[in-house]
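Here's the structure we're looking at; comments come further down.
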């Protein structure tokens, strides 16, 4: 047992070797831009998307600080993400779940047969029909 305790007592030396410090990176981080394979309408409207994103992020931080100091605003506050649209004109994100399409948030009814199959582990449910 001495060799294993001796190995555990030594300082851990990782097996991975880096070539140099991170300050010697040849290619600096790239500018924000659309993916080269993105559709033309996305590439053309990317600058307007960035401006909307920057303005909404700055307005969100200022509105959240003012609403936190003044108390909860409730449902009267509009989402900053509501103005963000896909190129097709559809909303991308929803702040409240009821703004999303109903198939995403309405719970499905569970039948007694399905509940029985779940409670028994599923092995006893032999379906004779659809």
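Of the conditions (1) at pLDDT 75 or above; (2) over 23 Å from residue 31 (Cα atoms), residue 42 satisfies every one except a single condition; which number is it?
Evaluating residue 42 over (1) at pLDDT 75 or above; (2) over 23 Å from residue 31 (Cα atoms) leaves (2) as the failure.
Residue check, residue 58 against (1) at pLDDT 75 or above; (2) under 22 Å from the mean Cα position of the chain (by Cα), all met but one. Which one?
(1) is the only condition that residue 58 fails.
Please verify whether segment 14-36 includes one or more residues that are out of contact with any strand residue (DSSP E or B) (no Cβ under 9 Å at 6 or more places or on another chain), at pLDDT below 70 and within 19 Å of residue 95 (Cβ to Cβ).
Within segment 14-36 (the criterion being out of contact with any strand residue (DSSP E or B) (no Cβ under 9 Å at 6 or more places or on another chain), at pLDDT below 70 and within 19 Å of residue 95 (Cβ to Cβ)), the answer is no, since none of the residues qualifies.
The values are calculated or read from the model by the stated rules, or taken from the named source; none is laboratory data. Note that this is a predicted model, so its numbers are computed, not measured. As a convention, Cβ positions derive from the backbone with ideal geometry for all residues, glycine included, and neighbour counts pool all protein chains shown.
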